[in-house]
Structures are given as structure tokens and as C-alpha cells.
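Engineer: Once you've had a glance at the structure underneath, I'll fire off some questions.
The values are calculated or read from the model by the stated rules, or taken from the named source; none is laboratory data. This one's a predicted model, so the numbers in the text were calculated from it and none came from an experiment. With ideal geometry, Cβ positions are generated from the backbone for all residues, glycine too; neighbour counts draw on all protein chains shown. Each accessible area value is taken on the protein alone, full model and side chains, heavy atoms only, with ligands, DNA and RNA left out. Shrake-Rupley method; radii C 1.70, N 1.55, O 1.52, S 1.80 Å.
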Amino acid sequence: MATGGSEVMSQLEMPTEADSHPTIPKTASFSPFKYPFSPLGSGGSPTLHSVFASPRNVKMAGTGNVCRKLQLPPCLDREGEIWEAEVEELQISTALQAQPLPPIIHVSAGELSVQDRISLYCDHILHNCKAEEVDEALCRYLSEKLQKKEKCIGVWKTNPGLFFHKYDDGAIQYVGVLVEVTWNPDVSNYLIARIQIAEPFSSNIANMQRELVDDLLEQIGHRVPLLEIYPTEGQDDAMCEIAQALDIVRFFFDHLWRDWDDEEKLENYAFIIEERIKLYGDIQDGNIPRPILQRFKTMFEKYRKKRFELINFQREIKDEPSVSDAVECWHKYYEVQMIGELLKLWESLQLSSHVPFSPRILRCKKGPRDSGEVVTHVVTNIMIADMVKTYSPGTLIKQHNNLDTALENCYCGDTVQIFPGEHKARALAILTDDITIAGIGKKEEIIITSYPLSDSFVATIAQNIKIINLTLRQKETFNGIVIVESGHLTLQNCDLQCDGTGICVLTGAALTMADCEISGSQGAGIKLYPGCGAILERNKIHTCGKSKCTDDLASIQGGGIKLKVIPAPVLKMSNNHIYNNNGYGIIIVQPKRRFVNTLNFTMEDAAAGDKKEENVLTTAIESLNLEIDSNKLEENSLGKVGIVFT
């Protein structure tokens with residue numbers, strides 16, 4: 001980690017004759033072994049059959065030599081413009097067409113089970129090595145395989161930036177060329193391979209010009225990272241084994257390695273890799289809510305981009321840095337560090353629904369109007385007399401075409417009445433005033449949908465807010481369908497259709513929920529945090545914990561109602577129907593210094609010999625004053641009630 005703030009500021013002061021120049025932070029550079037040119041790593045991309053390239057002369061970076069690069073034809077380079085004449089000229093002028101690339105050997109490093117992958121990487125390849133010893137361990141693993149062969153025929157997949165001035169990642173994800181490859185397995189400098197063009201000349205760029213490839217290979221000394229090589233089919237079994245080994249190493253750097261690993265002293269590195277393998281398995285199995293996963297991926301790409309910018313900036317400082325250079329460098333450095341720390345936190349929480357809620361600017365509470373008046377806000381496109389015939393003569397009414405406008409004009413004590421239709425409102429993400437939001441008509445016809453990939457759908461911090469007779473349809477929001485952050489929320493006669501996590505009642509907040517239905521949550525239907533309160537009556541909670549969790553994960557993440565009990569929440573529940581959930585009907589989460597296996601039993605099904613576990617469960621229920629007899633719990637995958645120690 002960088003030096004403290006006061007020390008940094010002292011380094012940035014204008015130097016005197018006796019002072020040294022300001023310093024800049026040092027960051028580990030990108031290794032060609034860890035960061036091959038291919039932007040997609042081991043991922044493939046479609047073959048392009050009709051891309052035409054024209055030559056341009058440019059100087060190679062860091063040299064005085066001129067190297068020709070390719071310019072994408074206007075049909076790919078400029079939207080909406082197709083220069084048929086130039087494409088036709090290129091077709092005529094190009095004497096030799098590149099042949100299509102042959103198929104590469106199919107490998108299955110990404111298809112291994114979680115346990116097989118843990119055994120391969122943690123027990124066999126890494127085996128108690130530290131983070132700074134990863135290069136050596138992987139080189140040793142590859143070298144053992146490479147001893148069996150000295151050369152092969154393969155496809156060299158590289159960054160289009162080596163060949164094209166300007167390109168669209170969606171149009172060309174890599175440039176592939178068929179090459180002859182040789183290597184020296186005894187070389188430890190990240191296993192660089194030597195390549196030359198193989199016959200027949202083949203590429204995924206149909207009109208790739210051979211002389212341009214020759215020029216580029218001359219400039220780079222025919223040397224490329226071995227991980228950019230993908231052996232082709234039709235070679236012997238030893239070559240198949242080498243192809244598999246290459247893919248295993250690529251998979252490690254694509255999915256398990258983190259840029260900050262080199263910069264931290266990680267003693268038990270294999271354990272960290274094991275946790276990342278489990279996380280990768282959860283992602284592949286769909287156990288991570290998609291919005292949370294998408295945010296993590298976006299943040300990770302931002303981290304790598306910012307780190308790349310930092311390293312390039314450091315490289316450009318040739319002499320002693322000026323004060324302005326040092327200030328800018330430290331600014332970039334701390335930006336990278338902050339993003340990295342956030343990513344580490346997310347990973348440590350396994351990208352679960354426990355990911356910290358995103359910080360945001362809270363809307364100030366308005367309170368009552370100065371006049372003391374309250375207004376009924378009617379949300380409908382067209383207002384007719386029948387809509388207001390039940391109102392008392394003195395009712396103040398204001399009509400709005402959309403829900404957002406109505407909510408933004410609310411003061412404490414107001415009512416928002418929503419007529420049938422499908423509505424959206426970003427203002428639901430932070431409700432601060434004591435208002436009532438009610439649907440008029442059949443609740444299945446009054447649908448409120450969330451904005452995809454937004455932070456929250458409904459979040460309340462008001463002292464007493466009511467939501468009545470609505471259908472809430474969540475679509476890919478990051479946090480729960482409803483979050484009670486503070487104050488008290490009443491949910492009555494609502495249908496909550498989740499697409500991510502369910503209802504969250506945070507510490508110190510309270511929820512009254514009656515005659516509602518909640519379904520489809522990837523985690524627990526209702527999650528009660530320590531020290532909150534909830535009254536649940538006549539609700540249906542079903543098909544929650546719908547992700548493809550194993551029983552162990554379902555016991556922690558899924559289920560109908562989840563209680564964290566230190567300090568204990570206050571929960572009163574009666575006449576609820578909790579059924580068909582993945583996990584327990586009710587999960588009681590208690591802390592323990594170390595994780596122990598879930599107690600897989602229920603009150604009804606406990607065997608005669610399981611009295612100890614039954615006593616633990618009974619004691620937990622009694623300590624919570626939890627009465628479940630008036631509730632109906634059935635067909636939950638792990639049983640009615642269970643305890644999880646974390």
C-alpha cells in the first residue's frame with residue numbers, strides 16, 4: 001500500500017536546491033506471460049470471411065522504423081458508409097487470398113467441475129506457493145508438458161491493434177494467423193515462442209496481406225508469448241496434452257489471477273485461489289444475481305483500464321518527475337487502489353446479495369407543507385369524473401402522467417393513487433417522507449417495474465410509509481426488491497415478483513407485511529438483519545432461493561425467511577404460507593468463530609438420535625420468541641426450520 005497522506009504531500013512540495021525531486025508510486029508492470037495481447041484471453045471469436053484491409057505506413061512505437069499497418073475498410077470503419085469502389089479495388093489488387101484458419105484442438109479447462117479445478121490448481125500446480133511464486137509454478141507445470149515436443153502448427157491469436165489503426169471490438173476481436181511454432185522449455189522468461197508463417201498462408205481476415213504479417217514479425221523478432229498460440233487439430237496425443245496445458249494456464253490468468261496479487265504478501269495463496277474457483281463456479285451456475293455480476297465485471301474492467309493508464313503514465317516519465325507529474329501519478333495510483341479495494345471486498349463476500357448497498361446522495365426529507373395541507377396525487381394519463389367521485393369535497397387533487405412526477409411533488413401526509421397500467425419511477429429508490437402509495441383497482445393490473453441495472457427498486461427511510469395494492473415487478477436491480485433502511489414500512493396486499501434478491505429489513509428498521517405474495521428471489525424471500533423488527537401476517541412466500549445452489553449454499557443464501565440473530569430481530573408471524581423454497585422455510589443465522597456444517601434437520605423430521613441438534617434448534621426458536629405453529633411451512637427443499645452458523 002502507498003505511503004500515508006502527510007508523507008505523500010511532503011513529497012509533492014516544490015523542491016528546493018537541497019531537496020530531492022518528488023517521487024512517484026511504483027506499480028508492477030504488465031508481464032507478457034500474464035497479459036497476452038489477445039483481449040479475450042482464451043475466449044474464441046467468430047471467423048471473419050469478408051474483411052478487406054488496406055496498407056498504411058506508420059512508425060513502430062519506440063523505433064525509427066516504418067511498419068505498414070492495416071486500415072479497416074470503410075464498411076467496418078465508418079457507420080452507414082460502404083465504399084464499394086474501394087472494396088472492389090482491394091479485391092482486385094490483392095493477389096493472394098488468405099485461406100480460412102483450420103480448427104484448433106478442443107480443450108476443456110473451462111469445463112472442469114469445481115472440485116476437479118481446485119484439485120488441479122491448488123493441490124497440483126500451486127501447492128502451497130506464494131503469490132509471487134506463481135510464475136515459477138506455472139512455468140514449471142508448462143515445461144513438464146513442453147519437454148514432449150519442440151514445435152507445432154498453431155493459430156497465433158493477437159490483438160487487432162498490432163495490425164489495424166482503428167478497429168471496433170465488436171467487429172474484430174482478434175487477428176489469427178496460421179504459424180509454425182518452436183519453443184525452448186528450459187527458458188524461464190515467461191516461455192516466449194518463436195513463430196513463422198505456415199503454409200498455406202491462413203488467417204481469419206480474408207484479405208490479410210502476407211507481406212504485412214512478415215513485416216510485423218520482423219519488427220517483433222518473431223517472438224510472441226506462448227499463451228497466444230492455439231495448436232491446430234490433426235497432431236499427435238502429446239500435442240493435445242500441450243494444448244490442454246496451455247489452456248489451463250490461460251484459464252488461470254483469465255479467471256483466477258488478480259492484478260494486485262503480485263503487490264501483496266499472500267501466504268496462503270492456494271486458499272485464495274480455491275475461493276475464486278468457487279466464485280467462478282457460482283457465476284457459471286447462475287448463483288450470482290446477474291445485476292451484481294454485471295456491476296462487478298464493469299468495475300473490474302474499469303480497474304484494469306485505470307491500471308493500464310497508470311503504468312503507461314509511469315513509463316512516460318523518463319527523468320525526475322515534476323511536481324505536476326507526481327501529483328497526477330499519485331492521483332491515478334490512489335484511484336486504482338480504491339477500485340481494487342472495492343473489488344476485493346466484493347470478492348470476499350462472494351458477490352452474494354450481502355454486497356454493500358451502493359453509496360448515493362440521499363434526498364432530503366421535505367416534511368409537511370407550510371400550509372399544513374395534504375394532497376392526493378392521481379397517476380393516470382387521462383382523468384375522468386368517475387375516478388374522483390369517492391373523494392370528499394375538500395380533497396386537494398393533483399393529476400400526473402407518470403409516477404416519478406407524483407412522488408417528486410409529495411410532502412409528508414400526501415397520498416399517491418395509481419390507476420391501472422404499467423409504471424416506472426426512479427424516485428421509488430429513496431422514499432424519505434411519510435406518504436401512502438396505493439393502487440386503485442385490481443393489483444394485477446397496476447404494475448410497477450424497476451429500471452434494469454439500477455441500484456435499488458424500492459428503498460425507504462421514512463418513519464411511516466405505506467405501499468398498498470400494487471404489483472412490484474423487479475427487473476435486474478442490484479439490491480433487494482424492497483429495502484427498509486430505517487423507519488417503518490407497511491406493505492399490504494402487494495404482489496412482489498423478484499428477479500434478484502428479496503425484501504431486506506436493515507438494522508433498526510421495521511416492516512409490517514400483510515396479505516402479500518413474494519416469489520422468485522435468488523436469495524431468501526425476506527431477510528431480517530440484526531436488531532430489526534417485522535410483523536408478517538397472511539403472506540405467501542414461495543419459489544425463493546431459485547439459483548442453482550448446492551444444499552450447503554441454499555442453507556445460507558436461499559429459503560423463505562432469513563433471520564440474523566445477534567442482536568435478535570423482533571419477529572411476529574402468523575398464518576403465513578411458506579412453501580416450495582430452495583433452502584429452509586425459516587433460516588436462523590447465528591455467528592460462530594469458524595464455519596461449521598449446516599445442521600440438516602427439521603423439527604418434524606428429527607430422528608430419535610438427533611436430540612442434541614433438536615435441542616439447539618428449540619433453544620434458538622425459544623430465544624427468539626418465534627412462534628411458527630400458526631404458519632404453514634411445506635415443500636421447502638431443506639425442511640421447515642434450520643440453523644446456520646457463520
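Engineer: Suppose we take every Cα in region 366-405 and form the convex hull; what volume per residue is that in Å³?
Structural biologist: 77 Å³
Engineer: Would you kindly state how much longer the chain becomes between GLN294 and ASN402 on full extension, computed as 0.36 nm times their sequence separation minus their alpha carbon distance, in nm to one decimal?
Structural biologist: Taking GLN294 through ASN402 to full extension adds about 36.0 nm, to one decimal.
Engineer: All other residues with a Cβ under 10 Å from the Cβ of LYS148 taken together, and with Lys, Arg as +1 and Asp, Glu as -1, what is their net charge?
Structural biologist: Once all neighbours under 10 Å are counted, the net charge is -3.
Engineer: Sticking with this one: Can you pull the Kirkwood radius for region 234-352, inverse mean 1/r over Cα pairs, to one decimal in Å?
Structural biologist: Across region 234-352, the inverse of the average 1/r is 16.9 Å.
Engineer: Among LYS148/LYS297; LYS466/LYS632; LYS443/LYS475, which pairs are too far apart, with a Cα-Cα distance over 30 Å?
Structural biologist: Check vs 30 Å cut-off fails for LYS148/LYS297.
Engineer: Please report how far the C-alpha centroid of region 201-255 lies from that of region 422-489, rounded to the nearest whole angstrom.
Structural biologist: Distance between centres, Cα-based: 53 Å.
Engineer: To the nearest 10 square angstrom, what accessible area does ARG538 show with a 1.4 Å probe?
Structural biologist: Result for ARG538: roughly 110 Å² accessible.
Engineer: Leaving out ligands and nucleic acids, note down the accessible area per residue over region 285-324 with a 1.4 angstrom probe, in whole Å².
Structural biologist: I get 59 Å² per residue for this part.
Engineer: Working only with C-alpha atoms, what are the Rg and Dmax values of region 171-324, expressed in angstrom?
Structural biologist: Here Rg and the maximum Cα pair distance are 19.9, 59 Å.
Engineer: Report the local net charge at CYS532: Lys and Arg +1, Asp and Glu -1, summed over other residues whose C-beta lies under 15 Å from its C-beta.
Structural biologist: It works out to a net charge of +3.
Engineer: So, one more: Report the per residue volume, in Å³, of the convex hull enclosing the C-alpha atoms of region 438-551. Show your work: numbers first, answer last.
Structural biologist: On the way: hull volume 11.5 nm³, N = 114.
Normalising the Cα hull of region 438-551 by residue number yields 101 Å³.
Engineer: Provide the packing ranking of 521-528, 252-259, i.e. peptides ordered by the mean count of other C-beta atoms within 10 Å per residue, highest first.
Structural biologist: The peptides rank, most packed first, as 521-528, 252-259.
Engineer: Out of the total accessible area of region 229-298 (probe 1.4 Å, heavy atoms of protein only), what percent is carbon and sulfur?
Structural biologist: With neighbouring chains kept in place, the figure for region 229-298 is 46 percent.
Engineer: How long, wide and thick is region 377-490, going by the Cα atoms along their three principal axes, in whole angstroms, largest first?
Structural biologist: The principal-axis extents, from largest down, are 42, 27, 21 Å.
Engineer: When Lys and Arg each count +1 and Asp and Glu each count -1, what net charge do the other residues less than 13 Å away from THR415, Cβ to Cβ, add up to?
Structural biologist: Around THR415, the charge tally is -2.
Engineer: What is the percent carbon and sulfur in the accessible area of region 402-498, measuring with a 1.4 Å probe over the protein chains and ignoring ligands?
Structural biologist: Within region 402-498, the accessible surface is 45 percent carbon and sulfur.
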